[in-house]
Amino acid sequence: MTDLAAFSALLTDEGQALLAALRDYTPSQELAVASRLRRDHPADLVTAALGQARLRQRAVAKFGERDAHRMYFTPNGVEQSTRATVAAYRAARFRELGVRGVADLCCGIGGDAIALARAGVRVLAVDRDPLTAEAARANAAALGLADLIEVRCADVTEVDTSPYDAVFVDPARRGGRGRVFDPEAYSPPLSWAMDAARKAPHAALKIAPGIPHETVPPEAEAEWVSDGGDVKEAVLWFGTRPGAVTATLLPGPRTLTGRGLPDPRVRPVGRFLYEPDGAVIRAHLVAEVADDLAGGLVDETIAYITADELRPTPYATAYEITDQLPFNLKRLKALLREREVGTLTVKKRGSAVEPEELRRKLKPKGPNAATVFLTRVAGAPTMLVGRPV
């Protein structure tokens, strides 16, 4: 049975019954479950249903319990699809721009198309892989959005997007050898995606967060997005604010916009240390946060901000620093023993020491907790000890 035939079989009454029976199955018992099910169902169908059940369980983290167990996935679809919270935020931005129809190119299993449709936007979802397109079509139907989502299996470079007032492109950034870092090796290449974006009144291109800033075209807005503190993606927006650089933190959303500030000054470590959100760092907006906090950097190459007073900010996590030591494991171990620290969080920036290795060597014991920062202060390897505010 081909992958496409196996997937189609899952949409039959028998396939649906199997998927329902497997909703809460335990993967460690898969062999016994498979043997039992094969007594009453074709082996190929059981294999396909078990594979889909595994993918649904993995997808819960991105799509939530309710949607994940109604949707259909491919292995790449689970890995590469946009987290639902991020897709919903982007869909809301499109709606705020007055967009009513979006051509979603390289739609995958339809995560962004679903968010757009739920925001009331009409979507043309295009993917060249037949199985992936079938999964997107099945997802639109399963979630009651088929009237707003048209799925087309086609090469995105051959699709006429003129009937739509916005384009969204999520190029494939993985190849046969894993993650692709050269934007021109994306599928389709980033240059093609930018040309497609320039032809539409509005557009958004999803790209890797590590894209060099110098490659961002001047007519685009560059936005870095994090969710729950984890950087998820960067997006180039066209038809919004040319040249703007932003960092958006979810949930919220809270958006910090660059003000073109110079690099912050380096200053001695104060009472508080701030760890900027990853989206802020990727967007090169540490200076904006430092300015808001009346702080400076501990080192010119390290994205830790220090200040003498505590100021609330959504863009960085604050820690109160109790000790500053030159890098010395014996001294650190003695300090932690004296403070009866048993719960130790190790963070590093600018240090080659691995946190897990350090934790094993220190063997912390006691009822108290502390955070150790392995970093550089004015160029010198340093250990900062503190606790979250």
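The values are calculated or read from the model by the stated rules, or taken from the named source; none is laboratory data. Predicted model, so just to flag it, every value in this text is computed and none were measured. Quick reminder, even Gly has a Cβ in these numbers, built from the backbone with ideal geometry, and neighbours come from all protein chains shown. In case anyone asks, the SASA skips ligands and DNA or RNA and just uses the protein heavy atoms, side chains included. Shrake-Rupley method; radii C 1.70, N 1.55, O 1.52, S 1.80 Å.
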Please determine whether any residue of region 252-271 is closer than 29 Å to Ala220 by Cβ, touching a residue at least 12 places away in the same chain (Cβ under 8 Å), of a type in the set (A, V, I, L, M) and buried (at least 16 other Cβ atoms within 10 Å of the Cβ). yes
Check Leu374, Leu335, Leu358 and return the single one that is within 19 Å of Thr322 (Cβ to Cβ), in a helix (DSSP H, G or I) and touching a helix residue (DSSP H, G or I) at 6+ places or on another chain (Cβ under 9 Å). Leu358
With the requirement that a residue be open to solvent by 20 Å² or more (accessible area, probe 1.4 Å) and touching a residue at least 40 places away in the same chain (Cβ under 8 Å), what does region 282-293 give you? Arg282, His284
Would you point out which residue out of Ala68, Ala53 is within 28 Å of the chain's Cα centre (by Cα), under 24 Å from Arg173 (Cα atoms) and at pLDDT 90 or above? Ala68
Inside region 251-301, the number of residues satisfying the requirement of being among the small types (Gly, Ala, Ser), closer than 20 Å to Thr85 by Cβ and outside any helix (DSSP H, G or I) is 2
Determine the pairs where a residue that is farther than 14 Å from Met71 by Cβ, located within region 3-22, has a partner that is at pLDDT 95 or above and surrounded by fewer than 16 Cβ atoms within 10 Å (Cβ to Cβ) with Cβ atoms under 7 Å apart, the partner being 6 or more residues away or on another chain. Leu4/Pro130
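Matching residues to (1) farther than 19 Å from Phe94 by Cβ; (2) open to solvent by 40 Å² or more (accessible area, probe 1.4 Å); (3) part of a helix (DSSP H, G or I):
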site: Ala115; (1), (2), (3): no, no, yes
site: Gly120; (1), (2), (3): no, no, no
site: Ala138; (1), (2), (3): yes, no, yes
site: Ala141; (1), (2), (3): yes, yes, yes
site: Gly144; (1), (2), (3): yes, yes, no
site: Asp147; (1), (2), (3): no, yes, no
site: Arg152; (1), (2), (3): yes, yes, no
site: Ser162; (1), (2), (3): no, yes, no
site: Phe168; (1), (2), (3): no, no, no
Flag if Asp308 is without any contact (Cβ under 8 Å) to a residue 40 or more places away in the chain and among the acidic types (Asp, Glu): yes
Consider region 147-163. How many of its residues are in contact with a helix residue (DSSP H, G or I) (Cβ under 8 Å, 6 or more places away or on another chain) and polar (S, T, N, Q)? 2
Of the conditions (1) in contact with an Asp or Glu (Cβ under 7 Å, 6 or more places away or on another chain); (2) closer than 30 Å to Gly252 by Cα; (3) surrounded by 15 or more Cβ atoms within 10 Å (Cβ to Cβ), Ala370 clears all except one; give me its number. (1)
Can you go through Gly278, Gly252, Gly258 and tell me which one is over 30 Å from Pro163 (Cβ atoms) and at pLDDT below 95? Gly252
